[in-house]
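Asks: Could you have a look at this structure, given as structure tokens, before my questions?
The values are calculated or read from the model by the stated rules, or taken from the named source; none is laboratory data. These figures come from a predicted structure and were not determined experimentally. Glycine also receives a Cβ, built like all others from the backbone with ideal geometry; neighbour counts cover every protein chain displayed. These accessible areas exclude ligands, DNA and RNA; they are computed on the full protein's heavy atoms, side chains included. Shrake-Rupley method; radii C 1.70, N 1.55, O 1.52, S 1.80 Å.
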Amino acid sequence: MIWPGKRGSAMTTNGKGVGEVGQGETVLPIVDSGSAAPEDPFAEVKFRIHEQLLRDLDLEKVQQRQGPQLRRAIEEAAMTLLAGQETPLSRQERVRLVREIADEVLGLGPLERLLADPTVTEVMVNSPRRVYFERKGILYLSDVTFRDEAHIMRIIDKIISPLGRRIDEASPMVDARLPDGSRVNAIIPPLAVDSPTITIRKFSRDPLTIENLIELGTLTPEIATFLKACVEARINTVISGGTGSGKTTLLNVLSAFIPPRERIITIEDPCELQLRQPHVVRLETRPANIEGRGEVTQRALVKNALRMRPDRIIVGEVRAGEAFDMLQAMNTGHDGSLTTVHANSPRDALARIENMVLMANLELPVRAIREQVASAINMVVHLSRLRDGSRRVTHVSEVVGMEGDTITMQDIFLFRQLGVERDGRVKGRMHATGLRPRCVDRFEQEGIILPPDIFAHRAGETQWKP
Ligand SMILES: Nc1ncnc2c1ncn2[C@@H]1O[C@H](COP(=O)(O)OP(=O)(O)OP(=O)(O)O)[C@@H](O)[C@H]1O
Ligand SMILES: [Mg+2]
């Protein structure tokens, strides 16, 4: 089946964008990113009232209420306290302050507004007056500000203390998750030189689908058809790309093609995938506790997963020694495994995996590792984040075998950038190279028949030369 959609790779702006919901979008003022966001003239008033609220509120009584009722109680208390202040305020300012004070008491303060906006996909706090967000792949400086660095620290504490974690000079970096599944990283001075820093990758309640990726121009219907066949025919596939290039998103989309009868074990650090199949066991790594004990690595989880009768093993991202166990699993009958790796090209992906194994097992000769890589991994799908914020599959490359000491690969689909539109959007085209992938034989054995012209290099396309 070929997905209906636009042939070629022109980026479409219609259809559903990233996290786009249309309704409920709040307007987030954007600040010229050359400067810092202006100071909030009401920061002091807000701080005083927040402190006073925390002192005065009969918290136990207030917390018996829930949801909107609780919020209303806080807002009423804040309104009363505001009325006693000397600062002259317009009605609009008053409403805003009350909302922000309630956000501070009940949630993550200034971050709440960004977290509530479904079109915002990432939030980055660099310093009190430099809070950025990403929407549709583009970074913006927001008008959201923190009072000072201590305020940022307080919000970090609010995120991690319910999880029994802490951040201080002795352990100045922390990874955590918000209750809704959003991924948070915080790093503080002296490691973050200028200010405590927070990065949030928001959890999408409504993850992108293969149709969305086609609409966004990330891949073509032909590539989608091909990758679906790869998953169904249990071709071991690695998704590679740079930071934020869309690897996990594509992994999630491809995982959806795994037949529902199969037993899937996922291994992640931290959990991000949202599989819809009924038979999934999710494993997540555990960092060491405050005494430095109890760490469980991805490698230990992969080993354990092999004893769990998996039909498929999905490793969210290979980073270290687990690459070795994953390759072994792929080479010993656990076909159809999927993973991602941070790399600059398909070839770099293989080199990095080889390096990870090398670092983990000093006894193995390079040649043996390389042979394992070549026989275990069948397909590399490489993603790039282009200048206009769009994410594209730039290579679908098949691992063919070894020639001498070198792993041989052949590109099946490639993206060619053709220039830049006036509005900054990247022009390009994804096309088949004309090579017939070897895995087609495997498809045929599995009874998967693809349209014969899917790999044909179409007239009018410049022949791609390496
Ligand atoms: N095809 C796409 N088109 C547009 N935006 C996308 C696409 N795929 C992912 N995104 C957005 O890009 C951000 C990063 O996506 P994702 O987590 O999949 O990337 P990643 O490569 O796994 O990142 P990391 O290197 O941090 O693991 C998310 O906010 C996501 O919504
Ligand atoms: Mg990822």
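Asks: Each label point is 7 Å from the Cα along the Cα-to-Cβ direction; what then is the distance between the points at Arg307 and Leu57, in nm?
Replies: Modelled inter-label distance: 4.8 nm.
Asks: Just the number: Rg to Rh for the chain, Cα atoms, Kirkwood Rh, two decimals.
Replies: Details: Rg = 25.2 Å, Rh = 24.7 Å.
My calculation of the ratio gives 1.02.
Asks: Still on this structure, I have one more. Can you give the calculated 222 nm mean residue ellipticity of the chain, where each DSSP H run of n ≥ 4 adds -39,500 (n - 2.57) and the sum is split over every residue, rounded to the nearest 500 deg cm²/dmol? Walk me through the numbers on the way to the answer.
Replies: Numbers: 14 runs with 149 residues, N = 466.
Theoretical 222 nm ellipticity from helices: -9500 deg cm²/dmol.
Asks: Let me ask another. What does the highest-first list of 446-458, 155-167 look like by mean Cβ count within 10 Å? Each step should come with its number before you reach the end.
Replies: Numbers: 446-458: 13.4, 155-167: 16.1.
Result, highest mean Cβ count within 10 Å first: 155-167, 446-458.
Asks: Can you pull the percent of Cα pairs in segment 111-204 with separation above 16 Å?
Replies: Details: 2247 of 4371 pairs.
In whole percent, the long-distance tail amounts to 51.
Asks: Check cross-link reach from Lys158 to the aspartates and glutamates: straight Cα distance under 15 Å, and skip same-chain residues fewer than eight apart.
Replies: Output for Lys158: Asp103, Glu104, Glu112, Glu149, Asp168, Asp175, Asp180.
Asks: Now for a separate question. Which cross-chain or sequence-distant (5 or more) residues have an amide H under 5 Å from the amide H of Lys427, H modelled 1.01 Å from N in plane?
Replies: Residues meeting the amide H criterion: Leu418, Gly419, Val420, Glu421.
Asks: Shifting gears a bit: Taking the Kirkwood radius as the inverse of the mean 1/r across Cα pairs, report the Rg/Rh of segment 257-358. All intermediate terms of the calculation are to be shown ahead of the outcome.
Replies: Values: Rg = 13.9 Å, Rh = 14.2 Å.
Taking Rh as the inverse mean 1/r over Cα pairs, Rg/Rh reads 0.98.
Asks: Then there's this: Taking loop as defined by DSSP and a crowding limit of 15 other beta carbons within 10 Å, which GluC sites (Glu not before Pro) in segment 114-222 fit? Mind showing how you got there, number by number?
Replies: Values: sites: Glu122, Glu134, Glu149, Glu169, Glu211, Glu215, Glu222; in loops: Glu169.
Filter output for segment 114-222: Glu169.
Asks: Next up: So how compact is segment 70-144: Cα radius of gyration and Dmax in angstrom?
Replies: 14.4, 44
Asks: How high is the relative contact order of the chain? Use alpha-carbon pairs under 8 Å, at least six apart in sequence, and give a whole percent.
Replies: Working: 837 pairs, mean separation 62.9, N = 466.
So the answer I get is 13 percent.
Asks: Another question about this same structure. Treating the beta-carbon of each Lys and Arg as +1 and of each Asp and Glu as -1, no other charges, what is the dipole magnitude of segment 102-167 about its Cα centre, to the nearest 20 debye? Each step should come with its number before you reach the end.
Replies: Working: 10 positive and 10 negative charges, 33 e Å.
Magnitude of the dipole: close to 160 debye.
Asks: In degrees, nearest 10, range 0 to 90: what is the angle between the Cα axis of helix 91-106 and the longest Cα principal axis of the chain?
Replies: 60 degrees
Asks: Next question. With +1 on each Lys and Arg Cβ and -1 on each Asp and Glu Cβ, and nothing else charged, work out how big the dipole of the chain is about its Cα centre, in Debye to the nearest 20. Kindly include the intermediate steps, with their values, before the conclusion.
Replies: Numbers: 62 positive and 63 negative charges, 193 e Å.
Dipole about the Cα centre, nearest 20: 920 debye.
Asks: Sort Phe42, Phe443, Phe203 by heavy-atom solvent-accessible area, probe 1.4 angstrom, most to least. The partial results should precede the final answer.
Replies: Values: Phe42 25, Phe443 0, Phe203 65 Å².
Ranked from most to least accessible, the order is Phe203, Phe42, Phe443.
Asks: How many percent of the alpha carbon pairs in segment 311-404 exceed a separation of 19 Å?
Replies: Summing the P(r) tail past 19 Å for segment 311-404 gives 40 percent.
Asks: Let me ask something additional. Leaving out ligands, DNA and RNA, what percent of the accessible area of the chain is carbon and sulfur, probe 1.4 Å? Each step should come with its number before you reach the end.
Replies: Numbers: 11500 of 22850 Å².
Reported share for carbon and sulfur atoms: 50 percent.
Asks: Oh, and also: Quick one: helix 149-160 against the long Cα principal axis of the chain, what's the angle to the nearest 10°, folded into 0 to 90?
Replies: Taking the Cα atoms of the chain, the angle to 149-160 is about 60 degrees.
Asks: Related question: List the relative contact order of segment 210-445 as a percent without decimals, with contacts defined as Cα pairs under 8 Å and 6+ residues apart. Before the final figure, lay out the partial values.
Replies: On the way: 464 pairs, mean separation 47.9, N = 236.
Computed value for segment 210-445: 20 percent relative contact order.
Asks: Of the peptides 78-89, 273-284, 103-114, how do they stack up when ordered by the mean number of other Cβ atoms within 10 Å, highest first? Walk me through the numbers before you get to the answer.
Replies: Numbers: 78-89: 13.2, 273-284: 14.8, 103-114: 21.1.
In descending order of packing, they fall as 103-114, 273-284, 78-89.
Asks: When all alpha-carbon pairs of segment 210-445 are counted, what percent fall beyond 22 Å?
Replies: Numbers: 14387 of 27730 pairs.
The calculated P(r) of segment 210-445 puts 52 percent of pairs beyond 22 Å.
Asks: Listed here are the pairs Lys136/Lys202; Lys228/Lys427; Lys202/Lys303; which of them are more than 22 Å apart at the Cα? The partial results should precede the final answer.
Replies: On the way: Lys136/Lys202 13 Å; Lys228/Lys427 26 Å; Lys202/Lys303 30 Å.
Cα-Cα > 22 Å for Lys228/Lys427; Lys202/Lys303; rest within.
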